[in-house]
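Written below as structure tokens is the structure these notes are about.
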Amino acid sequence: MYQELRQESVKIQWSEGYAYSQKRSETLYEIWCFVKVCRFLIREEIGFEPQGWIFDEFSEGGVLIPELLSGTVVGFVKGEFRIKLHYDEPLCRQLEDTTKENQPVFTKGRHYRPDIRMDLYREDVYWSTIIFEVKYRKIQSIFQDKTKKQNRDTKSFCENQIRGFKNELHSKYCRGLDENFVLRKLNPVDRVWVLNSTHHEGNIIDKEEEGIKLIQLIPGKNHQKIILELKEEISEAFDGELI
């Protein structure tokens, strides 16, 4: 079944609940992005096998997308490597509430509800996390060119949110190393991907050195380049051993 879902030609059917919902465009785009990340992971180029959620609803050449609820988790497996993809799930606020399998990271920062959280595991060891933030608004209003006159101390809520997810998450479980060392020295977040449908690469300055990757993800376009970038991102997180 999942081999067929790898193909972009597979028909997607949405639950009737979406037809009667009053969800805003940005929420629908956020849901669409979650579905796309799931499909990217099971494409042949990356090669994970899915477990649960939409992958239990496949029939007659199509897939039914049930209503996506906050806290939904989808699992993926490829040999010794595992992924847990969380949708709109609040992070733990203190170390004592974390668990290796379900909530390996926590934050005491202001921002604690990422749109999509990808936790990476190698066998039974939590490895690291990639955060996906979905921004429907114009990306130029989030990251402004520093060559323009502006108050450098004034940053938008969204920019602070994205930086917070990159720099203010902690874990005691990373790579199975000593807990005290991990808490003091390691950042569990490899990178924050900002998914956006409006920006053009020439409009904004590069954020790669800050661990922030800006991705133009547009419905109806070819996403092959993004799939390969995601494959490389996950492989790098596993020290290059996934490929």
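Within the range 15-41, take every residue that is within 20 Å of D115 (Cβ to Cβ) and among the aliphatic types (A, V, I, L, M) and give me the one that is modelled with the lowest pLDDT.
Among residues in the range 15-41 that are within 20 Å of D115 (Cβ to Cβ) and among the aliphatic types (A, V, I, L, M), the one modelled with the lowest pLDDT is L28.
Could you please find all residues in the range 110-119 being crowded, with 22+ Cβ neighbours inside 10 Å and part of a strand (DSSP E or B)?
R117, M118, D119, listed by residue number.
Pull up the range 137-167, narrow it to residues that are among the basic types (K, R) and crowded, with 17+ Cβ neighbours inside 10 Å, then point me to the one that is modelled with the lowest pLDDT.
R163
Taking only the range 120-136 into account, find how many residues are modelled with pLDDT of 90 or more and assigned to a loop (DSSP other than H, G, I, E, B).
Residues flagged as modelled with pLDDT of 90 or more and assigned to a loop (DSSP other than H, G, I, E, B) within the range 120-136 amount to 2.
I'm checking my understanding of the structure. Among residues of the range 213-236 that are over 13 Å from the mean Cα position of the chain (by Cα) and part of a loop (DSSP other than H, G, I, E, B), which one is surrounded by the most Cβ atoms within 10 Å (Cβ to Cβ)?
Only one residue tops the list, namely H223.
Looking only at residues that are under 20 Å from W32 (Cα atoms) and not in a loop (DSSP other than H, G, I, E, B) in the range 192-212, which one is modelled with the lowest pLDDT?
N196
Going residue by residue through the range 49-71, is there one that turns out to be assigned to a strand (DSSP E or B), farther than 16 Å from L169 by Cβ, of a type outside the set (V, I, T) and at pLDDT 95 or above?
Checked against the condition, which is being assigned to a strand (DSSP E or B), farther than 16 Å from L169 by Cβ, of a type outside the set (V, I, T) and at pLDDT 95 or above, the range 49-71 yields no hits at all.
The values are calculated or read from the model by the stated rules, or taken from the named source; none is laboratory data. Predicted model only: the values in this text are computed from it and were never measured. A quick note on method: Cβ atoms are made from the backbone with ideal geometry, for glycine too, and the neighbour counts reach across all protein chains shown.
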